[in-house]
Structures are given as structure tokens and as C-alpha cells.
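Since the structure comes first, as C-alpha cells, the remarks are kept for the end.
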Amino acid sequence: MLRRSFLAALAATALAAGATPAAAQETVKIGLIIPLTGPFTTTGKQLEAAAKLYMEQNGTTVAGKKIELIVRDDAGRAENTARIAGELIQNDKVSFLAGFGLTPLAMATAPIATNSKVPMVVMMAGTSIITERSPYIVRTSFTLGQSAVIIADWAAQNKIKKVVTLVTDYAPGHDAEKSFVDQFKSKGGEIVESLRVPIQNPDFAPFLQRVIDAKPDALYVFTPSGVGAILMKQFVERGLDKSGIRLIGPGDITDDDVLPGFGDAAVGVVTAHNYSTDHPSAKNKEYVAAFRKANAGMRPNFASVGGYDGIHLIYEALKKTGGKTDGDALLAAMKGLKWESPRGPISIDPETRDIVQTIYIRRVEKKNGELYNVEFASFPDVKDPVKAAKK
Amino acid sequence: MSSLDTAKDASNVMTRKRSWHWLEYAFWLAAAASVFLLPSQHALLTQIAIWSLFALSLDLLLGYAGIVSLGHAAYFGFGAYVAALFAINFTGEPVTGLLVAGVAAGLLGLVTSLLVLRGTDLTRLMVTLGIALVMYEIANQMSWLTGGADGLTGMPVNPVLGFFPIYFRQANSYAYVLVVLFVLFVVAKRIVHSPFGYSLRAIKGNPLRASSIGIPNNPRLIAVYTIAAAYAGIAGALLAQTTPVVSLTYIDFQRSADVLLMLIIGGTGYLYGGIIGSALFLVAQKFIGNITPQYWEFWIGFALVVIALFARDRGLFSIVERIAAWRKRGAKP
Amino acid sequence: MNALETIGLEKRFGGIVPTNDVNLKVQEGARHALIGPNGAGKTTLINLLTGVLKPSKGRVKLGNSDITDLSPHRRVSLGMARTFQINQLFADLSPIEAITLVIGEREKLGANFWRAFGSDEKIVSETKAIARQFGLADVLHERTASLPYGKQRQLEIALAIAAKPRVLLLDEPAAGVPEAERHEILETVAALPKDVTVLLIEHDMDIVFGFADRISVLVDGKLFVEGEPKEIENDPRVRAVYLGERTDD
Amino acid sequence: MLTILFDGIAYGMLLFVISCGLAVTLGLMNFVNLAHGAFAMLGGYCAYVLVNLYGVPFFASLPVAFMFAAMIGLLAERTLYVHFYNRSHLEQVLFTIGLVFMTSAAVDYFLGSQQRFINLPSYLQGRFDFFGIGIGKYRLLIILVCALILIVLQLILGYTRFGSRLRAAVDDQRVARGLGINVNWVFALTFAVGCGLAGLGGALGAEILSLEPHFPLKFMIYFLIVVSVGGTSSITGPFLASILLGIGDVAGKYYAPRYGGFVIYTIMIVVLVLRPQGLFARGTSK
């Protein structure tokens, strides 16, 4: 059985390899490298589903060229991402690299993009510095600072004075902590305590106990997408919600993909983020409906819009170059592009190639028996604050 | 007692085990040829060669000294970080980097080996695992130095020995990794066929008897653990030099587990097991992954179960042996 | 002079005292036998002598040196070797490899990791001589695990002899060997060079009385009696605790 | 302070229920079963499907999760595991890791890769104060259920015919067979119960640990720590080790959050270096 499928695999790749050169002129290939196995599978699945949805909705022919999407799993390991990127460029002759679920995966690919002048669309990874690593990188997701700074602004404006921060102890967590703390302090807030939680951490009880002891107005939280659920349940379990401590943070912690499973624990959590499944625009309603239909009811989350808009960006760039796949021309076409995304209006900053978008303040509420991030305030045209600060 | 009568003959029988079988020549020639013949697969082959070296280092421990490790990535990752930091701060010459990484990982191995001497398989499994987990946490916590989860980038890669550029030269880079693998393989082969290597086999086979014929078990185990750690460190350094980022996945549990799997698939105790195992594992992962990027793990898992059902200690190799034996039996009814 | 001596040797496992204040003296060049009923503590004693176990109290001396705190392999290099009651062999090595290994360690060449194993012809010719002496010449290159039991028993002793010990501890060398092959083992034991001191731990009285010139009897962890074979044979107390029990079997 | 202790105990109890089956296979049958967590995951997902998708009451789902994991365990034992009892540890590792990969991918295929939680009835949520100690209702439930399991296990092992048969089979298989004990079935049943307990633990623990396809690998380390630190000669050893780890982990993170990640591993290394047979192994049987 295995042997047969293995042989089939060999045959299939042989065929694919044989077929490449002839079709190369008419086909433009996009290499989508995402984690589809390992701990970050969910992110990869959202990206893949969104990319495929976009292509289904908008056809696979752009500027006279046929668009082909090649999906590869890197299992979240940087050396795989780099290897696959190299192979896709060299063997499959892709014109775009896309995906990149985590920061190191994008970092590992950056020099390859530079070297081969292939545009690289970062659809998820959120560390500020990524776009500076190669002039061929464009980002359609968000930067951590965008949400962290905005929620700090919001907190300062809304009578929150004392905050305990609790972040996962890894580089993005450190960034999220620093962005928030700096901004919040500059607006006159007080940080009572900064807690860092180990990555391998099944139980938040002890950390939350410290929070109870510190009696802040709010607890600011950043964890990798998914871990937040456990935290929130335990937050409510120990009655922190009733003791008047508010839970705030970047929107990663109320990931739309997992939110329905949180239970009522999550109600009332306030976060800042670039996308909510509940975003009240016609475009988004259509997007959500189509996405759920195509993926057995799975909710699109913030990762998905990165993938959706990433493919849109590629399509638009190709239209502008008339189907030419020269890397520099494509980059020039991408810079400054503006469009209406399911998340709202967004654009690519022509200077930094990073995304400029509206950041929404949302509160978790129950609607028709399901939990949603309901937007109630917005901060338009937010650029990456880290890069803005450097100027 | 015909030809075995003289001491020289007897000696020859023993030393012959160290000489090269024609299949081995063929294997290395094929490997060398792949530098010129398979340019499209160089990236994959480079990875295979690096995993092979890593698995080879584990084979020295497991296949010859009988020490099970579920934390070998500790040394791999440590070597990678040392090589990257050394290149950033001192020189980007790769061979120097390998040596420094090897020495550093070896020292770490020397120190930590003291924890691994006692106990059963399970104890050793858990202690090595614990060491690797602690190393992982350290690398994560010291993000000012290692970049933590964002990874460490900006490592310069100069031409090897000053004249052989490997940065963004896929073929050269593969050739470089292959040469390092070959050299270290030859060294490993000498080691396992030396008196030291045989004393390790004795300790693995029967530690009680080994010590009662005068073998100092602990110093020998410490020595082989150090050597294996140095090998792993060099493998890590190679990966660091051929990938633009060193990240926490270099040192994570998954890597320790994967290398153990590869070695067991290929079989322990004959040095080629790690090479065969890593080649099979990565090729299968790539090609099954291309067909079903989401669910290739299922088929790999299925393959592992099948291999485990039919193989013996030498992994896949023993399946071949068994088929051969079965055919022979079939041939003469 | 004493080749091997214990002074007030004691071992406790919780409440059990398998070795209790043992003062054993083995003369140089002696053929000394240690006997005792099952559970008398013979194996514990030999493990204390060879360093596999650490004593709770007391000292062990080899010749003039105190070896109480030395590890097993250090005792070997000082001239003490042993065999095991149940074969302790290297299943995957051949006899020639195993013997060569012992000689290499004895000559302090064991840590060499660069020379080819078995390339030293001096060592190999000594190996061959030992193999011939123990009737292993025709199975030199077989895997140990595949040897017949009698041959394995021979190899068990050959490995100890290859270490060129001054003191050799034999733990029931004929245990489990079928009658037909027994004499072969006993011959080799009898043919051991005279300058090697032998301490024989044995169950089989015929072997003991045919071999030993001195006998110690161990009962309940204590040295019970010691003397010439004749004295022991005629000692009524020994008959009572040991020989008596044996006839009951 | 006491709240921390309480949380630690609940966490430890949970580790125990999931791991005790592993202690049996690893310790008593000398089988390195790295796929143990897979059974825990299957139990957890079984409860998830029943409660969340079919609206079965939470308490009714627990015994079903137990039975489900136990039946799968029994099936796997009879068809696959049985071939590996006398094989080397390495082959057992290869085989069981293969099983983990397969179950993870299969769960991902059928139920998706998102984190899942089981919907708890509202009366199990929140917590109450008991003389100043904050007691989580759900954690209290975990402690009660686990304590019950521990008592039942002790009774079965100590006072039933099955218990004495198991002990006999473990002490010396050949003798047990000679006494007419069907060792194969004793092992199979024990294995199934171990898997069932893991499944029950998975269902109970979903709330705290959360379910996802990578559950078996993610928590394997913890199960192995419990078993290796506790020793495998009894079930009290792993139990005490679980409690110790639970409290140590929770307290370590509370009092030294920066180094919380190291505590559990450091405890393990120190214990194993000092006592290779485990902290609570009986005597020093050489």
C-alpha cells in the first residue's frame, strides 16, 4: 500500500518535472510554503484555505497567464523553509514565494529572495524586522507592534492605570511586552509586574495567582495563537473576571479560529487586531460565507486574511506588469497598492513594503450562540510602530 | 585450522573488518557523482548529508556504546549556535567554525556525560532528554544572544579555507558538506575498529564483564560521549553554515526524536545506518509531502510501523538480509 | 605471604547481612576453595572482593596493597581476575576478539582509537596460544553467542587467564557443564600455572576435594571453619551444616 | 499559598491518571510505549465529539471515553503490540512513534487541527472560597475522580484475583504460565485498562491541557518524567512523583516565574542522577 503510493509519488514528481519546461511560458507559479504539520498546523491551514479561496473566486488566469499554486509543508522548521524555497525557485521556477508562518521561517528565506530577486509575500510572521531583511519582501499580515501599541493607547484612554503583563517567554512575546509597556508608560500608565511564561507550559494557574496578588486594573496578555484559550479559561476559573481585572491584549489571544471553543470564559475580553470574522462589511460577509462553505464550517481568522490578501497582491502586481515576472518590476507594482480587504481598507507602505491597515478594538461577545470579536472602535492607517519609531 | 594457523592470518581476519567493501566504494563514488549529476536535488542532498552526520554521531553512542539518547539535539544545537556566534564575532571561515563548534560541543558533552553514566535505558533516555530541554530553555531565555524564537541571523559565510565559496553556491555547498561527512565518516570508521572501539562494544555487550577484564567503563563512555557530542556539534555547525538562520528548532525535542528515528530505520552499529535512514526519511518526507502536504506524517508513521514489524536491529538493512535469506532458502528446496 | 586478604569485611542490605565480619586469608600460590550452602553469601563475597559491590565495613588487600576503594578494572590491572558462575561473555564478539581485547587492556593499549584492532601480531599470537590452551582454536572466529555451552565455559576462564592475574577467582567453573565435557574444564583448571593463586568457589564437593589444598567454609555470611581438605571432610560441624544439607537434596 | 498547593495537587493528579497506564506497560511489561499519549488524546477527542457535537452530558462522556480508549487499546494490543513484547526497546520506540504519527495525522484529518475544549456544564466552572483558599470547582472534581481511581486501582491490585495474577505474571512470566494463568490476557486486559485510564485522563484534562492533534508528542515528555522519576515498581511511586511534579511545577512557576521552565527538568535530572531507578523504587535491588 505504502509502496504503491510511494511509487505513485515518484511517478507524479517525475511527470511534474518533465512537464515543467514546456508550460513555463504560460504559467506563473506561486510557491506557498507553510507549516501544515507540527505545532503550527492551524496557521498553515488557514493560509492555504484562504489562498485557494481567492484563486477560486478570481479565476486562475491573470494578464493572460495561468496561475498555479504549489503548496509545500515546512513543518515549522527554518531549514526546510529555506531548502524548499530554493528548490521551488530552482526546480519549479516559481515567480513568487509566499506563506511563512513564523519569524525564523521568513528570516531563513529572506537572503534567498534577495539573491534570486523573487518577490516574497509574508502572509503571517509578525516580527517588525522581517521586511528589512530583503528588498523583495512584502507583508500582508500585520506586525506585532501594531496591535500592541494600539491596545496600549486604548487602555490608557479608558481608565486603565495599573497593568500586569503576561507574555510567553520567546522573542515575539518579548516584542509584544516591550511595545505595550513603552507605549503604555508614555501615556502615563503603570506596569505593576511583567510576567513571562515558559513556552512549554500546560498550566497557567501559578501565573494567574500572581496576577490576583498584584491586583491590577487589567492583565495584558500575549501568547502564541491557540495557547490563549487555556489562559482565558483559567482566568475565569479563578474568578479574575469577577474581581474587576480586565483581560486585554493583541488579537492573537482571541483567535477567531478557536474562539467558539473558549466557552463563556472569553466574553468581555478586549483586544486590538487587524481582523475579526465579525467585521461588519459586505466584503467580509461574503468572504466569511465563502470560506466557511469551502472549508467545512471553519472560521477564517487573521491568518487567513494575510493569505487572501497576499494572493490578491500577487494578482494585482501581475496585472500591473502585464504578466511580466521580473522581480523588480513586480516589487515596484506592489509598493503603494491600496485595496479593500475583508478586514477593511489596507495598503502597502511604499517605503517599508509593510502593511498599513486599520486596527480595531474588539470585545468578545456572544452572537446567535457563538462567540465573536465584536469591533467597537478603530484606529485607521496604522503603520508598523517599530519602523516609525526608528525614523 | 588451515589458513588461520598463523598469528598473521588471524590478525588479518580481524583487521579485514576495517577495510572497505566494494559496495562502500560504490556508495561514496555515487555520492561524489551526485555533486555533478543531481543539481536539482542539491538542497535536499545537503540536508541528508547533515542529518547523516548527526545520525552517525548518535550511532557512535547507541550502536557501539549502547547509550540511548533522546536529547542529542542539545549538542547539535549548541554547535550551531557556537558556529553562528563565532562567525559573527570572529571569522566567517567555515572550517574554523566547524572546529570551534566541534570543540565547544565536545566540551559540553564531556561535562554532561557525567550525568548519563549510571542507570538503565529509560533513565538515560530521560536524562539526555532533560539536558536537551534545559539547553532549549537556555537558548530561548538568552534571546539577546541567540535571537530566541526569532532566530539568529546575519552569520557571514566566507569561502572555505579562503578559496572555495559556498555562500549561495548550492553545488559547492553540497560538496563541502559531503567532504566533511566523508572525512568524519572515515575517522569514525577508524575509531570503531580500534581497540577503543572494541572496548565500547564490550561495554555495550556486557558492562559487568567489561569491567572485570580491566576495561575502565566510565572513562571510555565519557570519551565516546564527548566524541559523539563533538560530531553532533559539527553537524549543527554545518546546518548553520548552509541555512541563513539558526533557530530554536535546531535544539528542540523533535530534532532529537527525528535523528533517533532515522538511525533506527537505517539500523545501528554499522555506521551506514544513519546515512541510509536519514536519506530514506527525508526523501520520503519530501515526496510524500509533495503529494499530501498535510498528511504525509500518516504515511511516514505507517512506514515506521511496518519497518518495526519486519525489521530487526539493523533496521531496513535487516529486511534486505531477511529477504535474501528467504530467497536462498527458497532456491534450494 | 597472603596473596589476598580480607579484614573484618561486612556487607549489609537493609537488615540482611550477607557478609559478616569475614577475615579470609589466601596464601600466595594456594589452591584455596570457598564452600558453603546455598545463600551462605559466596557470591556477595566474591563481588566484594572484585569491587562490584562496596563493603559496608572492613578492608580488602591484594598482596600488600589495600584495594577496598578501587574500581573493578583497577583491581584487574593490579592482578586480580575472575570468572562468573553464569557466563558473562560478549555475545557479539568472537573468542579471538574477546581475548585480544583483554590482552590489549592488560598491555594498556585499550584506549588507542587510531590503530586497527587486532593489528598487533604479538598480542594476536598470545591470543592464539591462550585459545589453543582452552580448546578454542577451531572456533576462533565464530560469534560467541553461537558457541556450544562447553566452549563458552572455556572462554569464560580464558578471558580471566588472558589478564595474566596473580590471583584468580573462579566462581563455580563447571556449573551447568554436562558430565561428558566436565573433565575438559577440570583439566584446564588443574593445569593453571602454579604461580597463580586460585580461589575457587564451588558447590561440587568432588571438584573441591580433588583440587584444593585449603578450604574455607562460609555459613550465613560468616567464616565457619577453615583447614586442610582432610580436616574439613572430617569436621562433624561441617558435615552437619553443609554436607548434611547436601545429601538431603 | 494553599491555593498553589491545591492547584499543584490537581495538576499532579491529572498527570497521574494519564501516566499510570504507562507506568504499567513500561515498568511491569518493560515496554517502551511512546504512543501512550495517543490513547489519552483519543479519549479526550471521544469526549469532545460526544459533548460538543452530540450534546451528551459531560459526566456521561467520561465512562465512554474510558471504554473507547480501552477498546482501541485492547485492539491495538492484540493485533500490533503483541508482536513487540520481546523485541528491543529501539524497535518498540520506532513502532510506537509510528503509531503516534498515524493517530496525529488521522485526528487532524477527521477533526481538524484547531485546539479543542470540551464544553463544561456551568456548575463545574468558576470556583469558591473555602476558608480563604480559592478552590476551582473543576480542579476539585479532578482531584476527587483521580483519588477515586487511585483507591480503586490499589484495591484491584492488592485484593483481587486479577491483581494477584497480574503481579505473578509480572514477577515471572514462565512460572505464572505454569500456574495456569493466561498471561497474554492478563497483559492485554492490563494494557487496555491503562489505555482506558489515559483516555479518561485525556477527557478530564482537556480543559486544562487542551486537545490538539499533537497532544501525544507535546505531553509525552511529562508522562515519561512521571514514570521515570516515580520508578516503575509500584503505582504509588508514579503517584507520588506526579504530585511532587505537579506541586513543584506550579510552585516553581509561582515563586520564580522566570525560571519556571527549568524547574521540572532540573528536578528530573537531579533525581535520576542520584536515584537511577526512580525516586520511589523499592530498595536498591542492585
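The values are calculated or read from the model by the stated rules, or taken from the named source; none is laboratory data. All figures in this text were calculated on a predicted structure; none of them were measured in a lab. Cβ sites come from the backbone with ideal geometry, for glycine too, and all protein chains shown count toward neighbours. With ligands, DNA and RNA removed, areas are computed over all heavy atoms of the protein, side chains included. Shrake-Rupley method; radii C 1.70, N 1.55, O 1.52, S 1.80 Å.
When every Cα-Cα distance of chain A is counted in 10 angstrom steps from zero, the calculated P(r) takes the values 5, 24, 32, 23, 11, 4, 1 percent.
Compute the Rg to Rh ratio over segment D:176-259 from the alpha carbon atoms, using the Kirkwood formula for Rh, and round to two decimal places. Before the final figure, lay out each step's value.
Values: Rg = 16.6 Å, Rh = 15.2 Å.
Ratio value, two decimals: 1.09.
The angle between the Cα long axis of helix C:179-190 and the main principal axis of chain C comes to about 90°, on a 0 to 90 degree scale.
I'd like the trypsin sites (Lys or Arg not before Pro) in segment C:126-205 restricted to DSSP loop residues with at most 11 other Cβ atoms within 10 Å, sorted by number. Walk me through the numbers on the way to the answer.
On the way: sites: C:LYS128, C:ARG132, C:ARG143, C:LYS151, C:ARG153, C:ARG166, C:ARG182, C:LYS194; in loops: C:ARG143, C:ARG166, C:LYS194.
Sparse-neighbourhood loop trypsin sites (Lys or Arg not before Pro): C:LYS194.
Would you be so kind as to identify all helices of chain A, as entire DSSP H runs, whose Cα atoms reach 15 Å or more along the helix's own axis and whose mean Kyte-Doolittle hydropathy is at least 0.5?
Numbers: long enough: A:2-23 (31 Å, 1.04); A:41-58 (26 Å, -0.79); A:78-90 (18 Å, -0.11); A:103-116 (20 Å, 0.56); A:144-157 (20 Å, 0.83); A:171-186 (22 Å, -0.95); A:227-237 (16 Å, 1.08); A:282-294 (18 Å, -0.79); A:302-321 (29 Å, 0.19).
Helices meeting the span and hydropathy rule in chain A are A:2-23, A:103-116, A:144-157, A:227-237.
Taking segment D:21-153 on its own, what percent of its Cα-Cα pair distances exceed 18 Å? Don't skip to the end; give the middle numbers.
On the way: 5645 of 8778 pairs.
The proportion of pairs with Cα distances above 18 Å equals 64 percent.
Extending 7 Å from Cα along the Cβ direction at A:SER194 and again at B:PHE27 yields two label points whose distance is 5.2 nm.
Estimate for me the total accessible surface buried between chains C and B (protein heavy atoms, probe 1.4 Å, no ligands or nucleic acids), in Å² to the nearest 100. Provide the component values of the computation, followed by the final result.
On the way: alone 12300 and 17250 Å², together 26200 Å².
Looking at C and B, the buried total is near 3400 Å².
Remark on A:LYS161: its backbone amide H falls under 5 Å from those of A:ASP217, a criterion applied only to residues 5 or more positions apart or on other chains, H modelled at 1.01 Å from N.
Over chain B, what is the relative contact order in percent, taking alpha-carbon pairs closer than 8 angstrom and at least six residues apart?
On the way: 507 pairs, mean separation 99.9, N = 333.
The normalised contact order for chain B reaches 30 percent.
The Cα trace of segment C:2-242 gives Rg and Dmax of 18.2, 61 Å, the first to one decimal, the second as a whole number. For the pair A:GLU370 and C:ASN38, label points projected 7 Å from Cα toward Cβ lie 7.5 nm apart.
Looking at the protein assembly as shown, the pairs of alpha carbons with a distance over 61 Å make up 19% of the total.
Going through the DSSP H helices of chain B, which span 18 Å or more along their own axis at the Cα atoms while scoring at least 1.6 as a mean Kyte-Doolittle hydropathy? List each step's numbers first, then the result.
Details: long enough: B:22-37 (22 Å, 1.43); B:42-59 (25 Å, 1.27); B:73-89 (23 Å, 1.46); B:94-116 (32 Å, 2.07); B:121-141 (30 Å, 0.88); B:170-192 (32 Å, 1.63); B:217-242 (38 Å, 0.85); B:253-266 (20 Å, 1.31); B:273-291 (27 Å, 1.35); B:296-310 (21 Å, 2.09); B:316-331 (23 Å, 0.14).
Helices meeting the span and hydropathy rule in chain B are B:94-116, B:170-192, B:296-310.
On the beta carbon distance between B:ASP9 and A:SER347, with R0 = 60 Å, the FRET formula returns roughly 0.10. Just so you know, the Rg over Rh for segment B:159-222 is 1.31, from Cα atoms, with Rh as the Kirkwood radius. The alpha carbons of segment C:119-238 stretch over 55, 29, 24 Å along the principal axes, in descending order.
Exceeding 19 Å between C-alpha atoms, which entries from my cross-link table qualify? They are A:LYS65/A:LYS93; A:LYS159/A:LYS233; A:LYS178/A:LYS215. Walk me through the intermediate numbers first.
Working: A:LYS65/A:LYS93 14 Å; A:LYS159/A:LYS233 25 Å; A:LYS178/A:LYS215 21 Å.
In this structure, A:LYS159/A:LYS233; A:LYS178/A:LYS215 lie more than 19 Å apart at Cα.
Considering every pair of different Cα atoms, what Kirkwood radius, in Å, is found for segment B:41-275?
Evaluated on segment B:41-275, it is 17.6 Å.
Summing charges over neighbours of A:ALA290, with a neighbour being any other residue whose Cβ is under 12 Å away from its Cβ, gives +3 when K and R count +1 and D and E count -1.
Among all helices in chain D defined by DSSP H, which have a length of 24 Å or more along the axis from Cα atoms plus a Kyte-Doolittle mean of at least -0.5? Before the final figure, lay out the partial values.
Working: long enough: D:2-23 (30 Å, 1.95); D:58-79 (31 Å, 1.48); D:89-111 (32 Å, 1.24); D:137-159 (33 Å, 2.20); D:183-209 (37 Å, 1.56); D:236-255 (28 Å, 0.82).
What comes out of the filter, once short or polar helices are dropped, is D:2-23, D:58-79, D:89-111, D:137-159, D:183-209, D:236-255.
For a straight C-alpha distance cut-off of 18 angstrom, the aspartates and glutamates reachable from B:LYS204 (same-chain residues fewer than eight places away being disregarded) are B:ASP59, B:ASP121, B:ASP313, C:ASP92, C:GLU97, C:GLU105, C:GLU156, D:GLU91. In segment A:85-116, the residues whose accessible area drops by at least 10 square angstrom when the other protein chains are added to the isolated chain are A:GLU87, A:GLN90, A:ASN91, A:THR103, A:PRO104, A:MET107, A:ALA108, A:PRO111, A:ILE112, A:ASN115; the probe is 1.4 Å and only protein heavy atoms count.
Would you mind giving the three semi-axes, in whole Å and largest first, of the ellipsoid equivalent to chain D according to its Cα gyration tensor? Walk me through the numbers before you get to the answer.
Details: eigenvalues 168, 112, 70 Å².
Semi-axes (√(5λ), whole Å): 29, 24, 19.
Listed by chain and number, the lysines whose alpha-carbon sits under 16 Å from that of C:LYS194, ignoring those within fewer than 8 places in the same chain, are C:LYS164. Using C-alpha pairs below 8 Å separated by at least 6 residues, the relative contact order for segment C:1-115 is 23 percent. Note on chain C: helix-only mean residue ellipticity at 222 nm, from DSSP H runs of 4+ residues weighted -39500 (n - 2.57) and normalised by residue number, equals -9500 deg cm²/dmol. Pairs of Cα atoms in segment A:105-245 fall into 10 Å distance bins, from 0 up to the last occupied one, in shares of 11, 35, 30, 15, 7, 1 percent.
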